[in-house]
Amino acid sequence: MSGGSSASAQSAKMRKDESFLGKLGGTLARKKKSKESDLHEEGKNAINAPMLPTGTDIHPEDTLMEENAERIMLDPTSRETLKFKDLLKQVLIDWINSELEEERIIVKDLEEDCYDGQVLQKLFEKLSGKKLNVAEVTQSEIGQKQKLHTVLEAVNELLRPHGWTVEWSVDAIHSKNLVAIVYLLVALVMHFQAPIRLPEHVSVQVVVVKKREGILQTALVTKELTSTTRMMMGRFRDAFDTLLDHAPDKLNVVKTSLITFVNKHLNKLNLEVTDLETQFADGVYLVLLMGLLEDYFVPLYNFFLTPESFEQKVHNVAFAFELMQDGGLKKPKARPEVVNLNLKSTLRVLYNLFTNYKDSE
């Protein structure tokens, strides 16, 4: 009796052990299968994204893309380059804040401040002089995209006839695509000949993510945001461009007429101009000339009488332009170019004064 009982207990123990080992084996098998699946997925990702730079994060929402959709992300290393940061903070942001100062709008971050269309609306209205039919403030995503659509439609209608390639869209800007925002702002700067100097040869690398047959494919692409000043401003041609290019023999006649005009007034201060290109570059003669033309004394503390730095010269020219506006003239757009000894820009400014004050004593 005891022997049978012992055999029964041993058999039950063996069945229990087999059951335990079976469970353990099943668990191990599942873990192995799971590991193999992870390795397979990792291998597939490595094949599908061979050019993805280190440090670039693809967020979960980036994978939730429709078939044949495309998304562009700025490479983090490009974001930190000095030229790109200078273009953003020292040029574009300062320019927007200067243009929208009367609106009491202060931009600190292009991605966070431009995505909803409010700043872009105000900027376009200021530059173009056109009022857009949009809601002033909207918090909903639909409302923001509707505003962006209206703004970008107006921008594209203005730029496309001049040969611009549209590198921005409602979805790109609303998703805070910094490259698209910068492309748009640079285009506006160039089209409206903003009185700022864009840094030359600014390029960035972007990660282009595409979805093909359910698989994400990535590539690293270089995007040129600015070229040379000559090429960027080469889109805009007027009578002075034609004069310099096709009738250089008549240029001296124009320069002589302008020199006679400015000296007629500057001689009252015992000053004389012989070279238009260099003697107006620091802004001093422009400021003094405006005082003479409008018949008032310009306080010396308002400008640098002996400017030494580029910034001081730009300040003087900008101040002279303010005096021109106070006199009822349209604001010139060539501030840095005058300081950079750009003859055509200087001629444009002086010719504007000549046409408005040629009969002044």
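Go through the residues of the stretch 97-108 one by one and say whether even a single one is surrounded by 13 or more Cβ atoms within 10 Å (Cβ to Cβ) and within 14 Å of the chain's Cα centre (by Cα).
Yes, because at least one residue in the stretch 97-108 is surrounded by 13 or more Cβ atoms within 10 Å (Cβ to Cβ) and within 14 Å of the chain's Cα centre (by Cα).
Take the conditions assigned to a loop (DSSP other than H, G, I, E, B) and either touching a His at 6+ places or on another chain (Cβ under 6 Å) or of a type in the set (Asp, Glu) (or both) and apply them to Glu322. Does it pass?
No; evaluated as a whole, the condition is false for this residue.
Considering only residues that are in contact (Cβ under 8 Å) with a residue 12 or more places away in the chain, out of contact with any His (no Cβ under 8 Å at 6 or more places or on another chain) and assigned to a helix (DSSP H, G or I), which ones fall in the stretch 277-311?
Scanning the stretch 277-311 gives Glu277, Thr278, Val284, Tyr285, Leu286, Val287, Leu288, Met290, Gly291, Glu294, Asn302, Phe310.
Take the residues of the stretch 109-154 that are under 16 Å from Trp95 (Cβ atoms) and aliphatic (A, V, I, L, M): which is surrounded by the fewest Cβ atoms within 10 Å (Cβ to Cβ)?
My answer is Leu127.
Any idea how many residues of the stretch 266-276 are closer than 25 Å to Glu311 by Cβ, touching a Leu at 6+ places or on another chain (Cβ under 8 Å) and outside any helix (DSSP H, G or I)?
Result for the stretch 266-276: 2.
Residues that are free of Cβ contacts under 8 Å to residues at least 12 places away in the same chain: list the helices (runs of 4 or more DSSP H) wholly contained in the stretch 115-229 that include at least 3 such residues.
Here the list reads 141-159.
Conditions (1) assigned by TED's automatic domain parsing to the domain that holds Leu341; (2) out of contact with any helix residue (DSSP H, G or I) (no Cβ under 8 Å at 6 or more places or on another chain); (3) under 22 Å from Asn342 (Cβ atoms), marked per residue:
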{"residue": "Ile259", "(1), (2), (3)": "yes, no, yes"}
{"residue": "Val262", "(1), (2), (3)": "yes, no, yes"}
{"residue": "Lys268", "(1), (2), (3)": "yes, no, no"}
{"residue": "Gly283", "(1), (2), (3)": "yes, no, yes"}
{"residue": "Glu294", "(1), (2), (3)": "yes, no, no"}
{"residue": "Phe304", "(1), (2), (3)": "yes, no, yes"}
{"residue": "Pro307", "(1), (2), (3)": "yes, no, yes"}
{"residue": "His315", "(1), (2), (3)": "yes, yes, yes"}
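Quick check on the stretch 267-298: of everything there that is surrounded by fewer than 17 Cβ atoms within 10 Å (Cβ to Cβ) and among the acidic types (Asp, Glu), which residue is nearest to Lys358 (Cα to Cα)?
Going through the qualifying residues, I end up with Glu294.
Within the stretch 165-172, does at least one residue satisfy the condition of being of a type in the set (Asp, Glu) and farther than 23 Å from Leu225 by Cβ?
no
The values are calculated or read from the model by the stated rules, or taken from the named source; none is laboratory data. All of these numbers come straight from a predicted model, not from anything done at the bench. Backbone-built Cβ (ideal geometry, glycine too); neighbour counts: all protein chains shown.
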